[in-house]
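Let me begin by presenting the structure, written as structure tokens, before commenting on it.
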Amino acid sequence: MKNDCLQMAKVKHRKPGTDWRHANIGRLLNNAVRRFEARVLELMSEQGHAGMRIAHVNLTRNLDVAGTRLTELARRASMSKQAMGELVDQCAALGLVARVNDPNDGRARPVVFTTAGLAWLEAFHAAVDITEAEMRAELGQKRLDVITSGLAAYGAKFDTLDT
């Protein structure tokens with residue numbers, strides 16, 4: 001009840017014709033992603049991975065376990081090669097990833113998880129599982145199932161991560 005009153009008070013202070021900016025699906029999805037990712041990072045910090053930022057997660061969420069070329073990482077993350085290169089350098093400095101020689105193409109240097117990076121990935125997996133469980137407890141299993149299946153169907157064409 002108290003939260004409903006706060007939401008109503010916020011709505012009353014909006015200028016006419018701007019409600020769509022707060023209620024459109026893109027904004028709602030972005031708010032949910034920001035909350036989800038903030039919680040995951042909080043849990044990661046509690047597990048000893050305090051140096052990670054959401055930008056680093058953007059690299060690692062797009063990196064195949066077998067390795068991925070920088071140009072492909074940049075494409076998947078909708079970033080420039082230069083910006084992705086900076087993220088790779090930052091994560092390499094943290095010991096999570098490395099650039100290796102591609103045995104099939106001498107010019108290519110795919111980015112791969114290091115042993116520490118794979119351990120980080122497992123910790124990230126655990127943090128995601130906890131965050132999803134918290135979300136399920138808050139929203140209910142039925143509602144979360146509907147959200148998950150709807151988002152999976154809507155975004156299926158954009159899932160570029162190799163299995």
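The values are calculated or read from the model by the stated rules, or taken from the named source; none is laboratory data. Note that the structure is predicted; figures quoted are calculated from it, not measured. Ideal geometry is used to build each Cβ from the backbone, glycine not excepted, and the neighbour counts take in all protein chains shown. Surface areas here come from the heavy atoms of the whole protein model, side chains and all, with no ligands, DNA or RNA. Shrake-Rupley method; radii C 1.70, N 1.55, O 1.52, S 1.80 Å.
For region 78-141, the dipole from Cβ point charges (+1 on Lys and Arg, -1 on Asp and Glu) about the Cα centre works out to 360 debye, to the nearest 20.
Each listed q (0.25 Å⁻¹) maps to a log10 I(q)/I(0) for region 45-125, found by the Debye formula over equal Cα scatterers with no solvent: -1.27. On the basis of the beta-carbon distance and an R0 of 35 Å, Asp89 and Ala133 show a calculated FRET efficiency of 0.55. Across region 135-145, rounded Karplus estimates of 3J(HN,Hα) from the backbone phi angles (6.51 cos²θ - 1.76 cosθ + 1.60, θ = phi - 60°) give 5, 4, 5, 6, 9, x, 4, 4, 5, 5, 4 Hz, Gly and Pro being marked x. What percentage of the solvent-accessible surface of the chain, computed with a 1.4 Å probe over protein heavy atoms, is contributed by carbon and sulfur atoms? The C+S portion of the solvent-accessible surface of the chain is 58 percent.
The alpha carbon centroids of region 53-88 and region 121-161 are separated by 21 Å. Only the Cβ atoms of Lys and Arg (+1) and of Asp and Glu (-1) were treated as charged; on that basis the dipole of the chain about its Cα centre amounts to roughly 940 debye. For the charge dipole of the chain, defined by +1 on Lys and Arg C-beta atoms and -1 on Asp and Glu C-beta atoms about the Cα centroid, which residue among Leu144, Ala23, Leu96 has the Cα displaced farthest towards the positive pole? It is Ala23.
Does region 21-78 come out rounded, prolate or oblate by the C-alpha gyration tensor, with a ≥ b ≥ c the root eigenvalues, rounded set by a/c under 1.5 and, if not, prolate when a/b is larger than b/c and oblate if not? Since a/c reaches 1.5 but b/c is at least a/b, the shape of region 21-78 is classed as oblate.
How large is the helix-only mean residue ellipticity at 222 nm for the chain, computed as the sum of -39500 (n - 2.57) over DSSP H runs with n ≥ 4, divided by its residue count, in deg cm²/dmol to the nearest 500?
On the way: 8 runs with 108 residues, N = 163.
Helices in the chain give a 222 nm mean residue ellipticity of -21000 deg cm²/dmol.
Note that region 15-94 presents 61 Å² accessible area per residue, ligands and nucleic acids not counted, probe 1.4 Å. Annotation: amide H of Val97 within the under-5 Å range of Ala92, Thr114, sequence separation 5 or more or interchain, hydrogens built in the peptide plane.
Modelled spin-label separation between Arg53 and Thr160, with each label point placed 7 Å from Cα along the Cα-to-Cβ direction: 2.2 nm.
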